[in-house]
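Asks: For reference, the structure I am asking about is given below.
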Amino acid sequence: MSQFTRIGLIGRLSSDKAHYTIRRLINFLQTQDIEIFIESDLAENLGLVEFPVFDEQNLGAHCDLVIVIGGDGSLLGAARATAAYNIPLLGVNRGRLGFLTDIMPDEIESKVAKVLEGDYISEERFLLDMTVCRAGRVIASGDALNDVVLHPGRYIRMIEFELYVDDQFVYSQRSDGLIVSTPTGSTAYALSGGGPLMHPKLNAIVLVPLNAHTLTSRPIVISSDSKIMLVIGEENSTFPHVTCDGQTHSVTEPGDEVHIVRKPQPLNLIHPSDHNFYETCRTKLGWASHLTR
């Protein structure tokens, strides 16, 4: 008997193909005698009235596995919503790159069947907790699986801030901002900003400056146990934004402190047993294959 008997489904309906993939997955799970729970937006959009329905924040309380159908952004949202329940996530790719959602639609029956049989790879990923403090009071908070980004918002202007790590001053900087990225996020915005690729098993955080006003400013890799603080400069002519995974936003004011730490609850991400991080990088990033012998 499978260890997963109560499965929640979260999906982003970007096309008719996505509709078909979700229906196909539901049909397969029904043949496996799986109890199915549906996220409320997905249930409404597909007219699924025959299954128990819960919103994304509460779905995890009723399942022992959540399957996300969509792109990496869909999985990021699901990870933040379900992190408190410590249940694993499995991704079916209906997006573009698919670093996190690594089952292709035509592999649903074979790959999901293997997972239900216990033939899979389980990987722990950590998230980041972010809080914005003003005069000693928390005025905003968020969490991120990929990254926390300080940026100017809609204005194309440099911002000023100070960086502290474990209460030690690192530098003050004028730039377009800073990306604070987990290893999971190192293949996303941080990579576009010139940051290094980090293996998902690393307990590390990378700090990637965005277009810094000095050529000597470079990415810094620090321990994931570090406490990061950004202090918003008093001379900013705009109000810098803090964004978590590109999906939740907070607006800061001069003198605000942005605190970022590793979230205590990890994410348990499930992959098919043939998953290979380096193969994923070769495929998604266009790296060269073996030399011809």
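The values are calculated or read from the model by the stated rules, or taken from the named source; none is laboratory data. Since the model is a prediction, treat every value here as computed from it, not as a measurement. Glycine gets a Cβ as well: all are built from the backbone with ideal geometry, and neighbour counts include every protein chain shown. Note: accessible area is taken over every heavy atom of the protein model, side chains too, but ligands, DNA and RNA are not part of it. Shrake-Rupley method; radii C 1.70, N 1.55, O 1.52, S 1.80 Å.
Asks: Taking all protein chains together and a probe of 1.4 Å, list HIS241, HIS290 from the most accessible to the least accessible.
Replies: Values: HIS241 45, HIS290 160 Å².
In descending accessible area the options line up as HIS290, HIS241.
Asks: I'd like the carbon and sulfur percentage of the solvent accessible area for segment 1-132, probe radius 1.4 Å, heavy atoms only, ligands and nucleic acids excluded. Before the final figure, lay out the partial values.
Replies: On the way: 2560 of 5630 Å².
About 45 percent, which is the carbon plus sulfur part of the accessible surface.
Asks: Excluding residues on the same chain fewer than 8 positions from LYS284, give the lysines whose Cα lies under 22 Å from its Cα.
Replies: Cα-Cα hits under 22 Å: LYS17, LYS111, LYS201.
Asks: Keeping the other protein chains in place, figure out the carbon and sulfur percent of the accessible area of segment 154-197, with a 1.4 Å probe.
Replies: Working: 1020 of 2170 Å².
Answer for segment 154-197: carbon and sulfur cover 47 percent of the accessible area.
Asks: On C-alpha positions alone, give me the angle between the axis of helix 72-82 and the longest principal axis of the chain, in degrees, nearest 10.
Replies: With rounding to tens, the tilt is 90 degrees.
Asks: Between SER226 and ARG96, what's the calculated FRET efficiency when r is the beta-carbon distance and R0 is 35 Å? Round to 0.05. Please report the intermediate quantities before stating the final value.
Replies: Working: r = 32 Å, r/R0 = 0.91.
It comes to 0.65.
Asks: Moving to a separate point now. Pairing the Cα long axis of helix 16-31 with the longest principal axis of the chain, what angle in degrees results, from 0 to 90 and rounded to the nearest 10?
Replies: 50
Asks: Quick check: net charge around TYR164, other residues with Cβ under 10 Å of its Cβ, Lys/Arg +1 and Asp/Glu -1? Let's see the in-between values first.
Replies: Numbers: positive: LYS227; negative: GLU162, ASP166, ASP167, GLU257.
After counting each charged neighbour, the total is -3.
Asks: Could I ask something else about it? Whole-Hz ³J(HN,Hα) for each residue in segment 39-50, computed from phi via Karplus 6.51 cos²θ - 1.76 cosθ + 1.60 with θ = phi - 60°, x for glycine and proline: what do you get?
Replies: Couplings: 5, 4, 5, 5, 4, 5, 5, 9, x, 8, 9, 8 Hz.
Asks: Per residue, what accessible area does the chain have, given a 1.4 Å probe and all protein chains present, in Å²? Walk me through the numbers before you get to the answer.
Replies: Values: 14030 Å² over 293 residues.
In whole numbers, the chain has 48 Å² accessible per residue.
Asks: How high is the relative contact order of the chain? Use alpha-carbon pairs under 8 Å, at least six apart in sequence, and give a whole percent. Write out the running numbers ahead of the final one.
Replies: Details: 651 pairs, mean separation 53.4, N = 293.
Averaging sequence separation for qualifying contacts and normalising by length gives 18 percent for the chain.
Asks: Something else now. If I ignore ligands, DNA and RNA and count only protein heavy atoms, how much of THR280 is accessible to a 1.4 Å probe, in Å² to the nearest 10?
Replies: 20
Asks: Say each of THR214 and ASP41 gets a label point 7 Å from the Cα, pointing the same way as Cα to Cβ; how far apart are those two points in nm?
Replies: Here the modelled spin labels are 4.1 nm apart.
Asks: Considering amide H positions built from the backbone, and no H for Pro or chain starts, which residues 5 or more places from LYS227, or on another chain, come under 5 Å of its amide H?
Replies: For LYS227, the qualifying residues are ASP166.
Asks: Suppose only helical runs count, i.e. DSSP H with n ≥ 4. What mean residue ellipticity at 222 nm does that imply for the chain under -39500 (n - 2.57) per run, divided by all residues and rounded to the nearest 500 deg cm²/dmol? Can you show the working numbers first?
Replies: Values: 7 runs with 60 residues, N = 293.
After summing the helix terms and dividing by residue count, I get -5500 deg cm²/dmol.
Asks: If you plug each phi of segment 269-280 into the Karplus form 6.51 cos²θ - 1.76 cosθ + 1.60 with θ = phi - 60°, what whole-Hz ³J(HN,Hα) values come out, in order, with x for Gly and Pro?
Replies: 9, 9, 10, x, 5, 9, 5, 9, 4, 6, 5, 4
Asks: Work out, step by step, the length gained on full extension between HIS19 and ASP166: first 0.36 nm times the residue separation, then minus their alpha carbon distance; give nm to one decimal. Display every interim value, and only then the final one.
Replies: Working: separation 147, 0.36 × 147 = 52.92 nm, distance 4.71 nm.
So the chain would gain 48.2 nm between HIS19 and ASP166.
Asks: Cut-off under 14 Å on the C-alpha distance; same-chain residues fewer than 8 positions from LYS263 excluded. Which aspartates and glutamates are left, in chain and number order?
Replies: Those aspartates and glutamates meeting the cut-off are GLU124, ASP129, ASP143, ASP147, ASP225.
Asks: Shifting gears a bit: P(r) tail for the chain, what percent of Cα pairs lie past 29 Å? Display every interim value, and only then the final one.
Replies: Working: 16730 of 42778 pairs.
Cα-Cα pairs in the chain separated by more than 29 Å: 39 percent.
Asks: What part of the accessible area of segment 200-278, given as a whole %, is carbon or sulfur when the probe is 1.4 angstrom? Don't skip to the answer; put the middle values down first.
Replies: Details: 2040 of 3890 Å².
With neighbouring chains kept in place, the figure for segment 200-278 is 52 percent.
Asks: For SER141 and PHE28, calculate 0.36 nm times their separation in residues minus their Cα-Cα distance, and state this gained length in nm to one decimal.
Replies: Details: separation 113, 0.36 × 113 = 40.68 nm, distance 3.90 nm.
The SER141-PHE28 span can extend by a further 36.8 nm.
Asks: Between the alpha-carbon centers of segment 222-275 and segment 91-127, tell me the distance in whole angstrom.
Replies: When both Cα centres are located, 27 Å separates them.
Asks: First select every other residue whose beta carbon is under 9 angstrom from the beta carbon of GLY91; then total the charges, Lys and Arg +1, Asp and Glu -1.
Replies: Charge balance near GLY91 sits at -2.
Asks: May I pose another question? How are the Cα pair distances of segment 30-187 distributed, in percent, across 10 Å bins from 0?
Replies: Going from the shortest bin to the longest, the percentages are 9, 30, 31, 18, 10, 3.
Asks: Can you give me the distance in nm between label points at HIS249 and LYS284, each placed 7 Å from the Cα along the Cα-to-Cβ direction?
Replies: That separation, rounded to one decimal, is 2.5 nm.
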